[in-house]
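Please read the structure below before turning to the comments.
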Amino acid sequence: MEIKASLNHLRMSARKARLVLDVVRHMPVDKALDQLQFLNKLASEPIKKLIESAIANAEHNFSLDKNNLFVKEIKADEGVTLKRWMPKAHGRATVIRQRGSHVHVTLAEIVESGKKVARKDKVEAPVKLEQVMAEAEKRAKSGEKKEGLKAKGKVNADTKSGKGFTTQLFNRKSGQ
C-alpha cells in the first residue's frame, strides 16, 4: 500500500530542499521525523509537516499503523520562479530569482498488511432548505412552541402574506 502527499509552492529552491530530502529517503517514518527535528536546515520544518501529513493520511484513510511505514520515495521538483529586480551600479538593474519547489512524498509499508482499499465514511444525505422551511411552517400552523420561540426572538409574524410564523434560519450580526 502506497500513501502519497504533496507540498506545492514551497518558497524555497528545490536544490536546498533536496539536501534535506536525501537525509530521510528510505528511512522509517519515526526515525525520519527525529532526523528532521534536529536537522539545522530551514527546509526541515515544511518537510517534517509533509511527512506528518502523509502519516495522517495513512492512519485516517487506510487505518495503517504508523510504526509500519517508511519513506519509499521523496522528491523535490522545480516550482514557480518569481522574478524581482535589484538596482546595481551605474544605473543597471539585475534580476533576482526567488525560486520555489514542489515536494512529493510516498510512504509504503515495511510489512504488507493486505489492506488495499481506502476506508469509506458514511455520508448523510444533505438537508434541503425547502424541507426545513416546510417543517417550520407546519409547526407554526399547529401553534407548537409559538410562545417559546417568540420570547427568544426567533419567530417573526408575517400577517400580510398569511403564512403565519416562520423560523429565522440564519443569525445576522446586525442584531436581528
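What follows is calculated from the coordinates using simple rules that are stated; it is not laboratory data. Just so we're clear, the structure is a prediction, and the values are computed from it rather than from any experiment. Every residue, glycine among them, receives a Cβ derived from its backbone with ideal geometry; neighbour counts consider all protein chains shown.
Output wanted: per-residue J couplings in Hz (rounded whole) for segment 8-23, from phi through Karplus 6.51 cos²θ - 1.76 cosθ + 1.60, θ = phi - 60°, x for Gly and Pro.
Once θ is set to phi - 60°, the couplings for segment 8-23 become 9, 6, 6, 7, 7, 5, 5, 5, 5, 5, 5, 4, 7, 5, 5, 6 Hz.
Rounded to the nearest Å, what's the spacing between the alpha carbon centres of segment 28-69 and segment 93-134? Just the number, please.
16 Å
Ranking Asp34, Asp121, Asp22 by Cβ neighbours within 10 Å, fewest first, what do you get? Please list the in-between numbers first.
Values: Asp34 14, Asp121 7, Asp22 10.
Ranked by crowding around the Cβ, least crowded first: Asp121, Asp22, Asp34.
With an 8 Å cut-off on Cα pairs and a minimum separation of 6 or more residues, tell me the relative contact order of segment 2-90 in percent. Working shown, then result.
Values: 78 pairs, mean separation 37.1, N = 89.
Relative contact order, segment 2-90: 42 percent.
Please report Ile74, Ile96 as a ranked list, fewest other C-beta atoms within 10 angstrom at the top and most at the bottom. Walk me through the numbers on the way to the answer.
Values: Ile74 25, Ile96 10.
Ascending number of Cβ neighbours within 10 Å: Ile96, Ile74.
What percent do you get for the relative contact order of segment 1-149 when only Cα pairs under 8 Å and 6+ apart count? Spell out each step's value before the answer.
On the way: 222 pairs, mean separation 47.8, N = 149.
So the answer I get is 32 percent.
Find the Rg to Rh ratio for segment 1-157, where Rh is the Kirkwood radius over alpha-carbon pairs and Rg uses the same atoms. It would help to have the intermediate numbers written out before the result.
Details: Rg = 26.7 Å, Rh = 20.2 Å.
Dividing the radius of gyration by the Kirkwood radius yields 1.32.
Karplus couplings for segment 123-140 from phi (6.51 cos²θ - 1.76 cosθ + 1.60, θ = phi - 60°), rounded to Hz, Gly and Pro as x?
9, 6, 5, x, 7, 9, 5, 5, 5, 5, 5, 5, 5, 5, 5, 5, 5, 5
Determine, for His26, His90, the number of other Cβ atoms within 10 Å of each Cβ, and report the residues in order from fewest to most. Write down the numbers at each step before the final one.
Values: His26 10, His90 4.
Fewest-to-most ranking of His26, His90: His90, His26.
Starting from the coordinates of the alpha-carbon atoms of segment 1-56, obtain the Kirkwood hydrodynamic radius over all distinct pairs and give the value in Å to one decimal. Don't jump to the answer; show the numbers that get you there.
Numbers: mean 1/r = 0.0863 Å⁻¹.
Value: 11.6 Å, from the Cα pair sum.
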